[in-house]
Amino acid sequence: MNNFGILLIKNPIMKDKKDSYLGDVGIIRKIDDIPELKAELISAFDSKSHNHKNISKYSLLLAEHILTLTNTPHDAAIEEAFEINRKWQEGQAKFQDARKVAFKLNALARQEKDPVKVKVLRVMGQVAATPHVKRHALIASDYAITLINLMHPENMDEVRKERNIQIELMKSV
C-alpha cells in the first residue's frame, strides 16, 4: 500500500517501457476490466501525454462524470480536488500543493464507511494528484472502473460503457 492508499503491483510485462502508463506506475490489483479498452485508453493517454495540462483537464472531466454517475455532490473536500487541479493549470499552485490535497482526500477515503463514497474519494484523490504526476489520471480511470465493479458486480457491459466514456473524454482534451 502506498501513500495514496492504492494497492499496487508492478506489471512485469511493461517494466521496460518507462514512458508508458504501466512502465513505472503500478496497477490496481482487484479490477474487473476489458484489457483491450484499457489499452485503448492508455494509447489515447500516450498520444496526449506530452501536454500535462490536457491530462489534468481529462481528470477533471472524469471527476465530473463520476460525480454525476454517483449523484455525489461537490462537498468541500471534492471541490478542493477540482480547485487545486484548476489552479495548477493556471500556474497558481505547485505540485506539492496538489499532493497535499490528494493525501487529504485519500485520508478521508480511509475513514469513509460508504463503499461508493470511498471509491469516489479515491478517484478525487487521483484527480488532485494529476498535477503532481500526470499518470494519476489513469489511476483515477482505474478507480472509476472499480467503482463500476462495485455498483454493477460482474457486469462487463457497464465496464465497457465506462471505458468508452473515458476514451472519449481523453480524446476530447
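The values are calculated or read from the model by the stated rules, or taken from the named source; none is laboratory data. Computed from a predicted structure; not experimentally measured. We place every Cβ from the backbone using ideal geometry, glycine too, and count neighbours over all the protein chains shown.
Among the residues of the range 136-173, those identified as crowded, with 21+ Cβ neighbours inside 10 Å and over 19 Å from residue 36 (Cβ atoms) are 136, 137, 139, 140, 143, 147. Those helices (runs of 4 or more DSSP H) of the range 88-173 in which 2 or more residues are modelled with pLDDT under 95 occupy 95-111. Before we move on, is residue 98 touching a His at 6+ places or on another chain (Cβ under 8 Å), in contact (Cβ under 8 Å) with a residue 12 or more places away in the chain and closer than 23 Å to residue 42 by Cβ? For residue 98, the condition - touching a His at 6+ places or on another chain (Cβ under 8 Å), in contact (Cβ under 8 Å) with a residue 12 or more places away in the chain and closer than 23 Å to residue 42 by Cβ - is met. Every condition in (1) surrounded by fewer than 14 Cβ atoms within 10 Å (Cβ to Cβ); (2) charged (D, E, K, R); (3) not in a helix (DSSP H, G or I) is met by residue 79 except one, and the failing one is (3). In the range 108-135, the residue that is surrounded by the fewest Cβ atoms within 10 Å (Cβ to Cβ) out of those that are of a type in the set (Gly, Ala, Ser) and in contact (Cβ under 8 Å) with a residue 60 or more places away in the chain is 109.
If the condition is being acidic (Asp, Glu), in contact with a helix residue (DSSP H, G or I) (Cβ under 8 Å, 6 or more places away or on another chain) and not in a loop (DSSP other than H, G, I, E, B), then the range 27-63 contributes only 40.
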